[in-house]
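Just below is one structure, and these are the notes that go with it.
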Amino acid sequence: MKKIVLTLSVIFGCLKVCKAQSFEGYISENIPVWVDLNIPSNAESISGSYFYKKNGVTILLSGTIKGNQIILTEKNKSGLITGIFTCLNLGDSLIGNWRILIIQNH
């Protein structure tokens, strides 16, 4: 089992050969989450999902990977981006920041 540590308030199926990783950890050191990522070899895109252990609702993720830097976006059911994860993949753990995006109706 791998750990994910995301700080600040609130931190995939593949046709090609890919590396699947699961992480268990916390957002803000006290909100337990589970993250599943599929990282295709020799590709710059990444996909996966995560859920808060308290409610179990799956949130889809997609993004890019360059070296050990991963940038993931989460989207709501309407397809609007609601959050951005900026992480470093340390092999057996992820560490980074999660930023929530406020959606305003005009």
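The values are calculated or read from the model by the stated rules, or taken from the named source; none is laboratory data. As the structure is a computational prediction, the values presented were derived from the model and not from experiment. Just the protein is used for accessible areas: all its heavy atoms, side chains included, with ligands, DNA and RNA removed. Shrake-Rupley method; radii C 1.70, N 1.55, O 1.52, S 1.80 Å.
Some notes on this structure:
Every residue, every condition in (1) over 17 Å from residue 82 (Cα atoms); (2) open to solvent by 30 Å² or more (accessible area, probe 1.4 Å); (3) part of a loop (DSSP other than H, G, I, E, B); (4) at pLDDT below 85, yes or no:
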position: 14; (1), (2), (3), (4): yes, yes, yes, yes
position: 22; (1), (2), (3), (4): yes, yes, no, no
position: 37; (1), (2), (3), (4): yes, no, no, no
position: 47; (1), (2), (3), (4): no, yes, no, no
position: 61; (1), (2), (3), (4): no, no, no, no
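- Selection from segment 63-79 of residues that are over 10 Å from the mean Cα position of the chain (by Cα), part of a strand (DSSP E or B) and not hydroxyl-bearing (Ser, Thr, Tyr): 65, 66, 69, 75
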